[in-house]
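Presented below is the structure to which this report refers.
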Amino acid sequence: MKTAISGHDKELNSPVSCHFGRCCFFHIYDDETDAIEILENCDKDKKECAGEAILKCLIEKDVKHIVSANFGQKVQLEMTNHDIKMTLLTDCSKTVGEIIHIIKRKHIISAL
């Protein structure tokens with residue numbers, strides 16, 4: 001399964017971004033291949049609907065789980081319509097690498 005994690009920059013030691021639609025990058029981790037793809041959020045500066053635009057890109061990349069915070073209502077509805085699981089962070093102090101490590105250990109629900 002592919003999981004997208006919102007991050008401030010391209011590095012795994014990047015702090016997780018607490019704004020889904022406004023984050024700079026998404027780290028897409030594929031737990032079947034252990035590969036990580038970096039996707040720049042080119043729509044982060046849109047005045048409106050930034051989250052909807054990047055969600056469309058994530059759907060095209062077959063992402064089935066997103067780890068972030070501050071999801072808009074329209075984005076949440078669209079995620080539900082596409083069977084995309086959402087992990088809503090309340091503490092954005094973890095790094096992208098730490099989140100991936102948790103996913104690898106299959107403890108994402110209890111650890112976040």
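What follows draws every value from the coordinates through simple rules; no lab data is involved. All figures in this text were calculated on a predicted structure; none of them were measured in a lab. With ideal geometry, Cβ positions are generated from the backbone for all residues, glycine too; neighbour counts draw on all protein chains shown.
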Under the Cβ-under-4.7 Å rule, which cysteines of the chain stay unpaired?
-> C23, C24, C42, C49, C57
Rank these for me by crowding, S14, S93, S68, S6, going from fewest to most other beta carbons within 10 Å.
-> S93, S14, S68, S6
Cross-link table K44/K85; K74/K106; K44/K106; K64/K104, entries beyond 27 Å C-alpha to C-alpha | K74/K106; K44/K106
Taking the Cα-to-Cβ direction at K104 and at E11 and moving 7 Å from each Cα, how far apart do the two end points lie in nm?
-> 1.8
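Over the chain, what is the mean sequence separation of C-alpha contacts under 8 Å (at least six apart), divided by residue count, expressed as relative contact order in percent?
Relative contact order for the chain comes out at 31 percent.
Would you calculate, for the chain, the mean residue ellipticity at 222 nm contributed by helices, counting each DSSP H stretch of 4 or more residues as -39,500 (n - 2.57) and dividing by all residues, to the nearest 500?
-8000 deg cm²/dmol
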Please name which of C42, C24, L89 has its Cα lying farthest along the dipole of the chain towards the positive end, using unit charges on Cβ (Lys, Arg +1; Asp, Glu -1) and the Cα centre as origin.
-> L89
Subtracting the Cα-Cα distance from 0.36 nm times the residue separation, let me have the gained length for C49 to Q76 in nm, one decimal.
-> 8.5 nm
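Taking GluC sites (Glu not before Pro) that fall in a DSSP loop and have at most 12 other Cβ atoms within 10 Å as cut points, what is the longest piece of the chain between them? Each step should come with its number before you reach the end.
Working: sites that count: E32, E48.
That would be 49-112.
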